[in-house]
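Here the structure is laid out as structure tokens; the discussion comes afterwards.
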Amino acid sequence: MTDIKTLAQERTQLFRDLFDRKVPKRVPINVNFPLEFCIQYAGKDLAEAQWDTSMLEGIFEKVCENFISDVLPAQAIRFPSYYRILGARNFVMSSSGFLQHPEINGLEAEEYDEFIKSPYNCIMEKILPRIYTELNTNPIQSSLVMAKAFKAFYDEFTNAEVLYGKLIQKYGYSSIGYFTGFVEAPFDFLSDQLRGFKGITGDIRRRADKVAAACEAVTPIMVKGGIPASPSKYGGTFIPLHMAPYIRDKDFEKLYWPSFKKEIEQLAAAGQPSLLFVENDWTRYVDYLYELPENTRMWFEYGDPKLMKEKLGKKHILTGFYPISILKTGTKEQCIDKAKELIDILAPGGKYMFGFDKAIITTDSVKIENLQAVLEYVAENTDY
């Protein structure tokens, strides 16, 4: 037990130093696997385990026993129960057991003015009943459905949090370094949940001023949703960035950046840093990213790590870049060599935690022995 406590203290100190702008003892490993990977690795049925969450302890235990990370290497960010209660159209479980996000449209083009005037009221009165079919009924019935869904939501995540705490203590993981909030950039929220990819693409051409005004109007809701009850520089709000790589520079500058920058700055002012999943290639926006509050955490999918380290590495905390594709196609030696290459580029001076370029969702997308070898190498060979 003493060894476990010592291990937990050492791992926690790695992240404490990282977030306190100090060079840690070694490169922290910030790797955790999505629920789907964990279920498959444990050999359980994907759909059954997401519905019967009493199975999760055994599933997560197996992951903890077999993969090295300085944080709990298993997590669940969504459960199907409350989506089913709501009759969700935005997250639907496929026959294979994966929760998928279909293209949806919750806001009509002619409703922009109404949304801009009062986004909260518009979301509650029009958008939610369209996205969640069980809310499209009389006020009494919809209130009952919403109450039931929230009960399921809090039950699922309370049980998960209890399990996380138990496993963190049992296996000696860091007590900090986890995201404690989850929200979207205003433009991405408008695109993902309200207008859909097709709708927002047309809106950029036909009604750009209304898009900009809608992003500005919804920013306070995004900020409020991203601040947890107890903000902390040792926590972080996870924000996946979706649409920026698919729009023109002038549209990014006018429509995406102003509300997004305001959101990140207001989260930081509240004492809550952001963990950005910088999806796809943001190379052309790297100078914008530099402007964000110091110690913003940036998880990169693509891009030149040398450039990102040079441009961002003295101000912000970087992670990602390691291509999970090589874990499938490469030899063990090639996979370790790739880790060495990225560590040589990104680790000097600190402000780096090891992570992959994207979440590993399925077990057949990697060779497990390669994955384990890379994590073991980083844990044992990255002392400063």
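The values are calculated or read from the model by the stated rules, or taken from the named source; none is laboratory data. Just so you know, these numbers come straight off a predicted model, no measurement behind them. Positions of Cβ are backbone-derived with ideal geometry, glycine not excepted, and every protein chain shown enters the neighbour counts.
Quick notes on this structure:
- Region 138-167 - residue that is polar (S, T, N, Q) and loosely packed, with under 14 Cβ neighbours inside 10 Å and, of those, farthest from TYR83 (Cα to Cα): ASN138
- Between ILE200, ILE221, the distinction of being among the β-branched types (Val, Ile, Thr), in contact (Cβ under 8 Å) with a residue 40 or more places away in the chain and within 17 Å of PHE252 (Cβ to Cβ) belongs to ILE200 only.
- Residues of region 211-253 that are part of a helix (DSSP H, G or I) and either among the aromatic types (Phe, Trp, Tyr) or in contact with a strand residue (DSSP E or B) (Cβ under 7 Å, 6 or more places away or on another chain) (or both): GLY226, TYR246, PHE252.
- Each residue in region 113-131 was checked for being within 16 Å of VAL145 (Cα to Cα) and in contact with a Lys or Arg (Cβ under 9 Å, 6 or more places away or on another chain), and 2 pass.
- The condition of being among the hydroxyl-bearing types (Ser, Thr, Tyr), in a loop (DSSP other than H, G, I, E, B) and out of contact with any Pro (no Cβ under 7 Å at 6 or more places or on another chain) holds for only one of TYR302, TYR288, that being TYR302.
- Considering region 339-373, and only residues there that are over 17 Å from PHE300 (Cβ atoms) and aliphatic (A, V, I, L, M), the residue that is surrounded by the most Cβ atoms within 10 Å (Cβ to Cβ) turns out to be LEU371.
- Candidate set: region 160-191, residues that are within 30 Å of GLU263 (Cα to Cα) and among the polar types (S, T, N, Q); chosen: the one modelled with the lowest pLDDT: THR180
- Matching residues, region 63-77, being of a type in the set (D, E, K, R) and either crowded, with 18+ Cβ neighbours inside 10 Å or touching a helix residue (DSSP H, G or I) at 6+ places or on another chain (Cβ under 6 Å) (or both): ASP70
- Cβ pairs under 7 Å, 6+ apart, first in region 241-260 and in contact (Cβ under 8 Å) with a residue 60 or more places away in the chain and more than 12 Å from ILE204 (Cα to Cα), second crowded, with 23+ Cβ neighbours inside 10 Å and among the small types (Gly, Ala, Ser): PHE260/ALA185
- Residues that are outside any loop (DSSP other than H, G, I, E, B) and more than 20 Å from the chain's Cα centre (by Cα) within region 83-111 comprise ARG84, ILE85, LEU86, ALA88, ALA109, GLU110, GLU111, listed in sequence order.
Each row is one residue, and each column tells you yes or no for (1) without any contact (Cβ under 8 Å) to a residue 60 or more places away in the chain; (2) surrounded by 20 or more Cβ atoms within 10 Å (Cβ to Cβ); (3) not acidic (Asp, Glu).
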| position | (1), (2), (3) |
| --- | --- |
| ILE4 | no, no, yes |
| ARG26 | no, no, yes |
| VAL31 | no, yes, yes |
| ILE39 | yes, yes, yes |
| GLU61 | no, no, no |
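- Flag not set for ALA49, criterion: in a loop (DSSP other than H, G, I, E, B), surrounded by 17 or more Cβ atoms within 10 Å (Cβ to Cβ) and out of contact with any Phe, Trp or Tyr (no Cβ under 7 Å at 6 or more places or on another chain).
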